[in-house]
Amino acid sequence: MTRVPAIRVFQQPASRLALPRAGGAILLLTALAACVPGSRPPGAGVPLVVIVIVDQLGSGMLEAIQPQLAGGFARFLDDGLRFPQCEHDHASSVTGPGHATLATGMHPSRHGIIWNEWHDRARRKDVSSPSAPQEDSTANFDGSAAVTGGYMQGETLGDLLKRADPNSQVFAVSLKDRSAALSAGRHADGVFWFNARSGGFTSNPALMPRLPGWGREFWEGDPFEMSFAGVRLPRAWAYPIRPGARPDDDPFESDALSRVSPHPIASARALRASPWADWLTLMLARQIMASGHLGADAHTDLLVIALSATDYIGHEYGPGSQEHLDQLMRLDGWLEELMEAADAAAAGGGGRAIFALASDHGVLPLPERVAGGRRIDEGDLERRLRAAAVRALGEGDWIQAIVGPHLYLDHGKLEQAGISIAAAARRVRDEIARLADVARVYDAADLATQVPGDEHQRLQRNAWRPDRGGDLVIQECELCLLTDDPTGTSHGTVYAYDRRVPLIIMGERIAAGESAQPCRTVDLAPTLAAVLALPRFESPRDGRALTLRGVDTPDQPK
């Protein structure tokens, strides 16, 4: 097929600067172990693993534009083992649960990240998924509220790698704090995310003792003044009009940052909703590889790169827009350069890199551009939910909080009224189930045990747990967008368009092609653990090791 040249920015490798590995005692012990005849660090001889998570990359998006791709995405499609049937096996199709699931191989019901936020009844406040459980936790290095990922439970792939070989290095980088913190685990060597208020990347002392000296321009600099290989962040995002996408001026795209090219880049919101947000993230990823000498020796290193711009662009303009197409085209070229750098780094360690491409969730197209799609006024639905609670329980403000699909009843008021929580939930559930725009409602009893043959109930059950989830979980109608905004789109439902995502694994001895085997995103971490011949996870996983043609991937017992 004919392809246009990939859009490239990085023309030469970044300078390699020193970044210390593990502490001296661990280094000494590992060095002594390496001297034992026949000993070899875990990792199956793979110097470097790079996991690329493209936020809001729905299944089929890359295949739809494959003739126009010539870079990193094209390499994944041509040379990787593709799992087109892959999907998230839970209902909470948003960023936090998606990244945590990919990292741990467990459902949200087990790793605990049930939504991007949830409500803490005891403190009567909403909790952000990557935040620190302890309110007195040390602030991030730039003074912002602590982000540690401490609410996530279970060992990540990075944690397992560090347990198997403490001299391996694990890094995660993203524009979003939750994407970075939930991808790394508790024992990473570096976790970085972008703070729009400070204008730089940051981290937290609980994740790493200090920010490295080699990255001052990333921690302290102005992103608009940064450059890489002589390239600076532009002040406007301009693109050619390409076939295979809608006309540039669609009335249901957001006009907050202009509906047409060029889009000015004069604020943090504008920056994150442009391809250049991923450009900055990839700059830092390249610097991490060079400064940390990733892949340079026999100790397997892991780099997780969570790219957020496609999500922000998708929310503003929707898939199928000229903006969305240009984002994927640019990312195609930039990923090619990253992968070339990773290949070169792994060659220095005497092997080949393994790459994986995945996504945290899909997305609903602009509802006006899909048959049967429509918008539901979020504020109006909340008023109807509160009125339903009054009809069920009598006058009073019975709802303590609504966060995403989770509705939390006020247990204190129910106790004062002498109404049991279970009875109240059932009565409110039955009232809400009569509302227009609501497909189903689940209470704790509905989610307690699996109902054979009820797929939506199973997916909701995988996304809920009693200590964090609401008393009720509300499922809106299919192709319905719950929003107060008349433009743009979103995700977060149980339906296939939000759950189906690409999964592609590529590396030496992994035969390229398409696999028809069933695939769930919980399978990624166990599969890579098997490829690297790592020991068992500390607890059973919900996923299994997929069969990779040409590679032995014995499954870890559940």
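Key figures
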| item | result |
| --- | --- |
| Answer from LEU325, LEU284 - the residue that is over 23 Å from VAL173 (Cβ atoms), assigned to a helix (DSSP H, G or I) and of a type outside the set (Lys, Arg) | LEU325 |
| Count of the stretch 240-270 residues which are in contact with a strand residue (DSSP E or B) (Cβ under 9 Å, 6 or more places away or on another chain) and at negative phi | 9 |
| Hits in the stretch 73-88 - residues which are out of contact with any helix residue (DSSP H, G or I) (no Cβ under 6 Å at 6 or more places or on another chain) and not hydrophobic (A, V, I, L, M, F, W, C) | ARG75, ASP78, ASP79, GLY80, ARG82, PRO84, GLN85 |
| Evaluation of ALA436 against (1) out of contact with any helix residue (DSSP H, G or I) (no Cβ under 8 Å at 6 or more places or on another chain); (2) without any contact (Cβ under 8 Å) to a residue 24 or more places away in the chain; (3) surrounded by 16 or more Cβ atoms within 10 Å (Cβ to Cβ); (4) among the hydrophobic types (A, V, I, L, M, F, W, C) (one fails), failing number | (3) |
| Output for the stretch 255-269, where each listed residue is buried (at least 19 other Cβ atoms within 10 Å of the Cβ) and in a loop (DSSP other than H, G, I, E, B) | LEU257, ARG259, ILE265 |
| Qualifying helices (runs of 4 or more DSSP H) (wholly inside the stretch 134-227; at least 3 residues being on the phi < 0 side of the Ramachandran plot, modelled with pLDDT of 95 or more and in the same structural domain as HIS99 (by TED's automatic domain parsing)) | 157-164, 177-184 |
| Single residue of ALA417, ALA358, ALA424 found to be over 30 Å from VAL52 (Cβ atoms) and either among the polar types (S, T, N, Q) or surrounded by 16 or more Cβ atoms within 10 Å (Cβ to Cβ) (or both) | ALA424 |
| When residues of the stretch 504-529 are limited to those that are closer than 17 Å to THR95 by Cβ and touching an Asp or Glu at 6+ places or on another chain (Cβ under 8 Å), the one surrounded by the fewest Cβ atoms within 10 Å (Cβ to Cβ) | VAL522 |
| Top-ranked residue in the stretch 113-133 [being of a type outside the set (Val, Ile, Thr) and in a strand (DSSP E or B); ranked as surrounded by the most Cβ atoms within 10 Å (Cβ to Cβ)] | TRP118 |
| Tally, over the stretch 76-112, of residues that are over 19 Å from PHE537 (Cα atoms), buried (at least 22 other Cβ atoms within 10 Å of the Cβ) and out of contact with any strand residue (DSSP E or B) (no Cβ under 6 Å at 6 or more places or on another chain) | 10 |
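Listed here are the residues, each with its yes/no results for (1) modelled with pLDDT under 95; (2) surrounded by 18 or more Cβ atoms within 10 Å (Cβ to Cβ); (3) assigned to a loop (DSSP other than H, G, I, E, B).
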position: ARG383; (1), (2), (3): no, no, no
position: ALA388; (1), (2), (3): no, yes, no
position: ASP397; (1), (2), (3): no, no, yes
position: LYS413; (1), (2), (3): no, no, no
position: GLU431; (1), (2), (3): no, yes, no
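The values are calculated or read from the model by the stated rules, or taken from the named source; none is laboratory data. Bear in mind the structure is a predicted one, so any value in this text is a computation, not a measurement. Note that each Cβ is placed from the backbone with ideal geometry, even for glycine, and that neighbours are counted across all protein chains shown.
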